[in-house]
Every structure is written in C-alpha cells, then in structure tokens.
Amino acid sequence: MTTDGVVVESTAVAHWAWVGLRLTPAPTLAESRAYPDVEEPQLRAETSAAERAWLSALWSTDFGARWELRYTNEIADLPVASTLLGRVQGRDLAEVTGAATALRDRLARTPRHVRAEPILDADQLKSALTPGWLDQRGQFELRKPLDWAWCTRPGDANRKVCFAVAPLVANDLSWEPVWHELANLPSPTTVGFYLEPYQPSDRRSDELRKLVSEYRALATERRPSPLWTETVPPDLFAARAAPGYVDAARRYARRCYRMRISVASAGPLDPSFAELLAATAGGATVCRVAPADTDGAWRNLASVERDWLDDTYRQGSPAGELNAEERILCDVVDLDEASAAFRLPREILGHVPLFADRSAQPASVGGLEEAIGAKADTTRKRIFVSYVREDLALVDKLVHDLRAAGYDVWTDRSRLLPGRRWKSEIKKSIADVDYFLACFSPRYWKDQSYMNEELIAAVERFRLMPRNRDWFIPAMLAECELPDHVFGPNETIAGDMQYADFGKDWDEALRQVIALIGPPEKH
C-alpha cells in the first residue's frame, strides 16, 4: 500500500511504513548565504555543529522511529546521490501513516546547507529502499572496535572471555575524499548510515553498572583467603577494559542511538574504500560480511533495520560468549558518536561538484571532461533494459553482468533525471538503442506497469525492421507467461519468439544474449 509517498507493509498484528527524501547541497554555500565569509576549516566545523543540532532535535522513540542516510554512485550523470529514508511502525494503520508523514516532515528540516525534497512516487521510494544485486565480495559492515581475550580468572566472574568495545571518536576530517572515492568505484555501490533512537531501560543501566563492577573486580589483585599469603594477579586485559565500561555507563545512561554502517556493492570492492570510510566516521572497524550473514545484511538495507549479524559483528571473538549487554555496546552510540558518522552532503566552493549533474559542469574544470561530462558511449552497443520494479534485484545483477561484458546499458533508473519528460525520453532511447531486452517474470502481470509503455514503443519500432534483424530480446527472469504483443503477421512475443531463460540457468542465458548481440564495440 502507498499513500502520499508513504509505503506500507502490513501483517495481522502490525504495520510498517517508510518515507524518503532526496538530499542535495545548497547550490553553493555562498549562494545560500548559510555560512557566508567563512574559511573552510571553520565552515566544516559550523556545518558539523548544525548537523549535530538537527540530529539531536530528531530524537524520538515514538512509533519505533528510525532513519537511514544513503549515498550511492549508481545514478548516471551524478557522481554521488544522497537519500534519507525513514521508518515507523505500530498497530493502527492510520496512526502509522500519520506518524510516517510527520517523520518525513521532521527529517526535511535539514540545516541550511542541505536541501531535502520528499520522494512522493511509490516506485522511486521502493527503488531507493531496495538494494540491487550484491556481490558478497563487496559487502562490508563498519562497527565500533571490539577487542577480546580469554579471561585469566574465569572463576571470579563466571566468564570465559573478556571484551572491550571502544567508542567512535569525532574528528575534523573532511568527507570529500570519501565521496570522491565512492563516485569513482567501478561497481554500483551504496553506503548506508542507520540510526535508531534508543532509551536504555533501568534494567539495562543496572546491567551495565554490574559490568563495571565485574571488570573492576577482575582488574584488581586479590587474596583468595585471609590465610593465604599469595595473591591472585589482576586480569591484565580486564584492567585495560575496565575504564571503557565506566565511560560506557556514563555515555549510555540517557538518550542515545543504535547505529549500523553498511557498504554494499554489485561487484568486488577493494577494502581500502571501507577503510577510508571507517577512519572518517570516527575510527570504526571494517568487517567483511561473512557468507552466513549476506542475506541478513541485504534485509537490513531493504527494510531499514539493524538485525544482528553474528558471524560478522563478533569480529573474530568466540561464538556464544558475547552477552546481551556487551552486544548492545557494539552498536549503541551517543550523540557525539552518531554525529561523527551521520554526515549530510556538502559541496566545497571551487571544487569539482560531487552531488550535481555531471553534464552541467564546464569541460574546463581541472581537465576532467571525460570524468564529469560523459553520457552514453557512442562507440559501444547500447542495450535498453525494460523491467518492473519488483524485479529490481535480478535486473541490477543482469545490468551489472552486461556492463561487465562491455555494453552500454540503458535503464530508467540510471538515465532518467529529475525534470525530464520521461515518456519522450524513453521513446527516444528505444529508437536509438542497438538492442531492446525485455525482462519478464510473474511480477510483470500486475494491474499496471510502466513497462507496458516501453513494450508498446519497442514493438512499434521492431515491426518496421527487416525480418532477419535481431533487436527485440525477451528475457525470462522466472517462469511465467509472455505477453501476446503482435510484432509481425500472425506473430506474437508469446507464440513465436525464443527467450533467454535466466531463471533456469543464469550463466547460459547470459551467454546466449551476448552471443546474439555480439562484440560490445560498434563497427
């Protein structure tokens, strides 16, 4: 269900609602007059303070509110795109929908150096929520540093392992290098910063104080009995960890947040990008997502959630030894830590724009004509991929594979920019491409789909081509009926056209498509 830009999923016991906003920097800070006549170091400090105040004002646990800031490089002609997503939940549908709208309004009150535009189109919001096909080699989670050691006095505290969780540390580093690296990554990549307001209960606070006492005791030399002259030495690891628990009891006694930082790519990713991000976000630790946790990491992004990924988040510590209180310390942050990592987009006056339309930049900027001005590659064969939004994950994988093979692939997500007349743009692109690839699945047969507009335009063009011209390629993502569009005398897609069956054998279907299209370069 979708109402006024609110996407709702319901069960018999609860309703979940999502909203979204597109974020862009003000045209320039000078034009916005947000922070006039300020040098860059001071400007960075002032914008950081404004974002911290904005984040603090958002804090509310009503309706289980949480939000996620995402940066992605997958939109053509945009080096980096930024989206802010919000989620609420509850038992009454009307109340949940109203709470979602109210959350979107609060999120939209960004500092003056950031513009927020609500996403009111349901398909666009679902697309922003749902990550595409991901390569396990390109999935990372960034966590607060976790250290551990076998306890040398297990009998004293009835524990085998001692743990230490370090907080994130705010710094004065610029985020511009991170956004530059993201813009230049070879595969579509998304970085997500999730925050969920959290108020520790009295019980949680008591349990944290017990941990303080426990580690203090382990850190103290003791005599087993008044009759014994020898003493038991302190656990050296516990002695190093004890001050951290004292600090945690102070930090997390009142309003705080649960945090997740995720990196998800459609292709293999060099860990150096995640390491740069971790250092900039306050000294986090980079954890490559374990194979057992890949589905959970995908669901966290798709639903704006923070489910625990045990193999990944333990950071090599023994399974089953982290208790509930120590586990919470792995993702709970205070406002200082949250604002160190949750940074809104910002342009630096005079630098190459990171969040603007590349094609709008002059070709003389730093000799980067090709880097910031490229559109479709006229030297390579162009493939138009038509699909329904519900198949986005599979389509992203297909697009990734075709681009890896060297083709220039057109999709509405990558080439349709705000303000464009989408019907005209689609018809023009279908008329210009070298091949049209139509992706079908049971999801195609819903009541309404913009894919039908594309099919009509494609069939009209195909009917004018010579009979021996290969151009229209049906692709079956999952077993289903094909439509009966007529493309020739007594010929229909369903009855007379061979399709590539990706649902049966992905690699073989991809090989068939590539063999039909031929080398990626035009002759």
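Some notes on this structure:
- For the stretch 215-294, the list of trypsin sites (Lys or Arg not before Pro) that fall in a loop by DSSP and count at most 11 other C-beta atoms within 10 angstrom reads R254.
- Solvent-accessible area, 1.4 Å probe, carbon plus sulfur percent, for the chain: 51 percent
- D62-K522 FRET efficiency (beta carbon distance; Förster radius 60 Å; 0.05 resolution): 0.60
- Between the stretch 471-497 and the stretch 249-298, the alpha-carbon center distance in angstrom: 44 Å
- Amide H within-cut-off set for V161, under 5 Å, with H built and near neighbours excluded: C151
- 10 Å Cβ shell holding at most 12 others, DSSP loop, GluC sites (Glu not before Pro): longest site-free stretch of the chain: 231-478
- The largest-to-smallest principal axis extents of the Cα set in the chain are 104, 57, 49 Å.
- From its DSSP helices (H runs of at least four residues, each -39,500 (n - 2.57)), the chain gives a residue-normalised ellipticity at 222 nm of -10500 deg cm²/dmol.
- Protein-only accessible surface at a 1.4 angstrom probe places the residues I456, I473 in the order I456, I473, largest first.
The values are calculated or read from the model by the stated rules, or taken from the named source; none is laboratory data. Given the structure is predicted, the values throughout are model-derived calculations rather than measurements. So basically every Cβ, Gly included, is an ideal-geometry build from the backbone, and we count neighbours across all protein chains shown. What goes into the accessible areas is simple: the full protein's heavy atoms, side chains included, and nothing from ligands, DNA or RNA. Shrake-Rupley method; radii C 1.70, N 1.55, O 1.52, S 1.80 Å.
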